Amino acid sequence: MDIPKNYNPKEAEIKWLEFWEKEKVYAFEPNSKAEIYSVDTPPPTVSGKMSYSQQDFVVRFQRMLGKNIFYPFGVDDNGLATERMIEKMKNVKGQFMPRQEFVKLCYTTVEEIRDDFVYDWKRIGISADFNIFYSTINKHSQKISQRSFVELHKMGRIYRRKAPFVWCPECQTAIAQVEMKDNERDSRMVYMKFDTSKNEQITIATTRPELLPACVAIHINPDDKRHKHLIGAKAKIPFSAREVTITANKDVDMEFGSGIVYHCTYGDMDDVKWLEELKIEPIEILNKDGILNDKAGRFKGLHIKKARDAVIKALEEENRIAKIEPIKHVVNVHERCGTDIEILNTEQWYIKYLDLKDDFIKYGRRIKWHPEHMRVRYENWVNGLKWDWNISRQRHFGIPIPVWYCKKCNEIIVAEEKQLPVDPLVDKPLKKCRCGSNEFVGEKDVLDTWATSSLTPDIAIELFGKSLQKKLHPMSLRPQAHDIITFWLFNTVVKSYFHHNNIPWNNVVISGFVLDPHGKKMSKSKGNVIDPREMINRYSADALRFWAACSRLGDDMPFQEKDLVTGSKFATKIWNAAKFASIHLGDYRLQKPSKLHLTERWILSKLSRVVNESTEHFMNYEYSHTKLATETFFWHTFCDNYLEIVKDRLYNAAQRGEDARISAQYGLYNALLTIIKLMAPITPFITEELYQLYFKKHEEVKSVHTSKWPGIKMIDEHAERIGDFVVSVVEFARKQKTMKQLSLKTPIKKLTIKAKIEEIDFDEVEAEIKAATSAEQIIFEPTREKHPEKDVEVMVEF
């Protein structure tokens, strides 16, 4: 065992990446009879930077248990995020380009950047089988996604309807409930004055005066004594000859604003609800791009953002503003671009599922959640669902909805499964329409990206044949962050419910966000984003993973660069410990001593407890506890104490005896190898380096990552008690020397020890204590008291 003086992570990490790939260390074995552990790997978006994914700790542990790991790698290159990235990279705007030309540009650009993107994930040590690869936009995924649409249509779960729905004017597409987020901002409550047929003015408070031209009614709560006399009267819309009816509406909050609500089409989903209940015709003043149309009268041509100030100014000119109050206001925005959402009346495709909430709750409870409390978020989302799932998007780049419309009778023709994947703008149905026509118009809309991402288990599993598919479903694990429980996790449960009548996975592991050092969410606009590639270049991938392993399941974690420094120090320390071991294990041939010394029984018993604890934590997906327990044992028990105590038997075999040296070698070999294996899932590069330098030739397994997880079972409570006694004496002696500013090698003339142990036990460790403390004379007095004040008393004379 010859270990170089220093460890160079930059060289070593690249070397082991190439080794793992060449030797297919992480390859899934389809013909293996070993238990399969399958992972529904989160496919990262090609538009994003590499993120810190902790599922790899779990996967590496499961691999070391001897399981056949199905760990595919996919990329999410289908969706609005990719479209916007390509528009920025190529300085184009998709909506102003021919559809096929823009789609081709997206395909070629994604192919250009994919290799570099995937390499980023390899670089951080993700142990996926990169040969099991999928893209959420390739033909394989298109076929599965379109097949889902066809099957759901046959079930009667797909329908098309023109109705008011959530719309993003910036992206110019419909969005689902799950794609909205709340954004609190400064706003204004505007109190507008309306004339009525009762010859009195009413005041109406609103945060959206720009929708005034779309006012279709005024609502008053019939229990409101202040205003109920106005019910049935007419109110005149400013800047217009139009009048609207003042109606009774129990939904009106009498405490909000003036207690009178003006009903516009559409300010929010309440407006939609009232429109249907009261059978009122809408007035649609907003185009898809956010520009006001002819029905907005004098405000035509203004963007909705600018229309607010224009309407307020016009009201002020006619003395129709009672007051304006500054307020904090929460608005719904599109989570992709941050644009305020609007509600437009458009044709959209939906999956009907609101009637299945109870079933979705039951399915969620069949899955094991880590941590368990994250299931509450899932159930709150399901219980709060208000609309069916809108799965159509008005974009160019995406998976086409496999539908045509008959030119003659407008019949909807859904593609047959055998012809999938299809592009309705290019391909034709296999049969004529029922009316006899052979002319069709292809659907221009594409599927919501989550309608495809919700099928990732199927997309990955169907890369293999039918017999293996049965073994892979349901999958073992879905790892993901808590922010997409309502997106990816819920929608995957929905699709698995419909297509498999089963849960998609047995376990879900929920991680948190990475925050900036001050605990704030990272964002480009704030300039507080940490690029992991920079951290790897500055420190190492192992150091970054070491930091990532500090996080507890489900918790957000501030980025602290000092934790990467600690990770680097750990690498240096284990390297130096291995160098020390290399001096003494060169002639070791795995032989066992005739009698294992008490010190080895102590260290291996302590380590057995760490292994048991770490295994239990990993089985519960609590990798941070494993890392902490192993790190603490390594620094304190192994390095600070065991290595110091055992040195004398390693260096002085002539005096201590060859069997005593072999015992020390046995303890050193097994303790260091076990520590390396315990840390292998967290810091895969340096542990591979150390394993290959010495242990491989003895263990005869090509990689530490395919070696067996440690399973030592040597609990010896008696040895632990005596060993802890030795440590307490040695630490006391060190402390005394440090207090007197003496070298730790300074001899101690006399060391007096009183302890509640037997002389026969003391005799076995006396030489260890003498060597570790540099004591010239030791006087030991066993304590006979049943309950001494101190378990160990030590006196030092220099």
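Rounded to the nearest 20 Debye, what is the dipole magnitude of the chain about its Cα centre when Lys and Arg each give +1 and Asp and Glu each give -1 at the C-beta?
Numbers: 121 positive and 114 negative charges, 280 e Å.
Rounded to the nearest 20 debye, it is 1340 debye.
Which distance in nm do the two modelled labels at Arg609 and Asn287 give, with both placed 7 Å along the Cα-to-Cβ direction?
Taking the two extended label points, one gets 7.5 nm.
At 1.4 Å probe size, with every protein chain present, just tell me what the per residue accessible area of the chain comes to in Å². Please list the in-between numbers first.
Values: 35890 Å² over 798 residues.
Heavy-atom SASA per residue in the chain reads 45 Å².
Hey, any idea what % of region 662-739's accessible area is carbon plus sulfur with a 1.4 Å probe?
Details: 1360 of 2620 Å².
That fraction is 52 percent.
Place a +1 charge on the Cβ of each Lys and Arg in region 177-274 and a -1 charge on the Cβ of each Asp and Glu, then give the dipole magnitude about the Cα centre in debye, rounded to the nearest 20. It would help to have the intermediate numbers written out before the result.
Details: 14 positive and 16 negative charges, 97 e Å.
Charge dipole of region 177-274: 460 debye, to the nearest 20.
Can you tell me how region 503-567 classifies by the Cα gyration tensor, rounded, prolate or oblate, using a/c under 1.5 as the rounded cut?
Values: a/c = 2.03, a/b = 1.38, b/c = 1.47.
Oblate is the answer for region 503-567, as a/c is 1.5 or above yet b/c matches or exceeds a/b.
So if I place +1 on the C-beta of Lys and Arg and -1 on the C-beta of Asp and Glu, and nothing else carries charge, what would the dipole magnitude of region 364-427 be about its Cα centre? I want it in debye, nearest 20. Before the final figure, lay out the partial values.
Working: 11 positive and 8 negative charges, 73 e Å.
For this selection, approximately 340 debye.
Report Rg/Rh for region 373-424, rounded to two decimals, where Rg is the Cα radius of gyration and Rh the Kirkwood radius.
Working: Rg = 17.3 Å, Rh = 14.6 Å.
When Rh is taken as the Kirkwood radius, the ratio is 1.19.
Report the Cα centroid-to-centroid distance between region 690-710 and region 434-448 in angstrom, as an integer.
60
Modelled label-to-label distance, Lys521 and Ser437, 7 Å Cα→beta-carbon offset: nm?
4.7
Give me the percent of accessible area attributable to carbon and sulfur for region 406-449, probe 1.4 angstrom.
Values: 1190 of 2630 Å².
Carbon and sulfur together cover 46 percent of it.
Which one, Asn345, Gly297, Ile285, projects farthest toward the positive side of the charge dipole computed for region 222-362 from Cβ point charges (K/R +1, D/E -1)?
Gly297
Which values, in whole Å and largest first, are the semi-axes of the equivalent ellipsoid of the chain obtained as the square root of 5 times each eigenvalue of the Cα gyration tensor? Please list the in-between numbers first.
On the way: eigenvalues 899, 220, 98 Å².
Those come to 67, 33, 22 Å.
If you take the charge dipole of region 361-497 about its Cα centre, with +1 on Lys and Arg Cβ and -1 on Asp and Glu Cβ, which of Leu477, Ile412, Ser392 is farthest toward its positive end?
Leu477
Which residue, chosen from Ser467, Gln560, Ala653, occupies the Cα position most advanced towards the positive end of the dipole of the chain, where the dipole is computed from +1 (Lys, Arg) and -1 (Asp, Glu) charges on Cβ about the Cα centre?
After comparing all options, I get Ser467.
Sorted by mean Cβ packing within 10 Å, highest first, what order do the peptides 645-656, 82-93, 502-513 take? List each step's numbers first, then the result.
Values: 645-656: 17.8, 82-93: 16.2, 502-513: 20.5.
The packing order, highest mean first, is 502-513, 645-656, 82-93.
Extending each Cα 7 Å along its Cβ direction at Leu278 and Trp387, get the distance between those two points in nm, one decimal.
A separation of 2.1 nm, rounded to one decimal place.
As I understand it, the value is the acute angle between the Cα axis of helix 658-679 and the longest principal axis of the Cα atoms of the chain; what does it come to in degrees, rounded to 10?
Computed tilt is about 0 degrees.
Angle check, please: helix 55-64 long axis (alpha carbons) against the longest principal axis of the chain (alpha carbons), in degrees 0 to 90, nearest 10.
Once rounded, the angle reads 40 degrees.
Given contacts defined as C-alpha pairs under 8 Å and at least six residues apart, what's the relative contact order of the chain, whole-number percent?
Values: 1363 pairs, mean separation 111.9, N = 798.
Computed value for the chain: 14 percent relative contact order.
Need the full-extension length gain, Ile113 to Glu616, defined as separation in residues times 0.36 nm minus the C-alpha distance. One decimal, nm.
Working: separation 503, 0.36 × 503 = 181.08 nm, distance 4.07 nm.
This chain segment gains 177.0 nm when fully extended.
Give me the percent of the accessible area of region 250-362 that comes from carbon and sulfur atoms, probe 1.4 Å, all protein chains in place. Please report the intermediate quantities before stating the final value.
On the way: 2800 of 6000 Å².
After summing per-atom areas, the C and S share lands at 47 percent.
Within 10 Å, count the other beta carbons around each residue, average over each peptide in 271-282, 584-595, and list them highest first. Walk me through the numbers on the way to the answer.
On the way: 271-282: 14.4, 584-595: 12.9.
Result, highest mean Cβ count within 10 Å first: 271-282, 584-595.
Once both axes come from the Cα atoms, what is the angle between helix 374-383 and the longest principal axis of the chain, in degrees from 0 to 90, rounded to 10?
10
The values are calculated or read from the model by the stated rules, or taken from the named source; none is laboratory data. None of these values were measured; they are calculated from a predicted model. Heads up, the Cβs are rebuilt from the backbone with ideal geometry, glycines too, and the neighbour counts pull from every protein chain shown. Please note that ligands, DNA and RNA were not included when accessible areas were found on the heavy atoms of the full protein model with its side chains. Shrake-Rupley method; radii C 1.70, N 1.55, O 1.52, S 1.80 Å.
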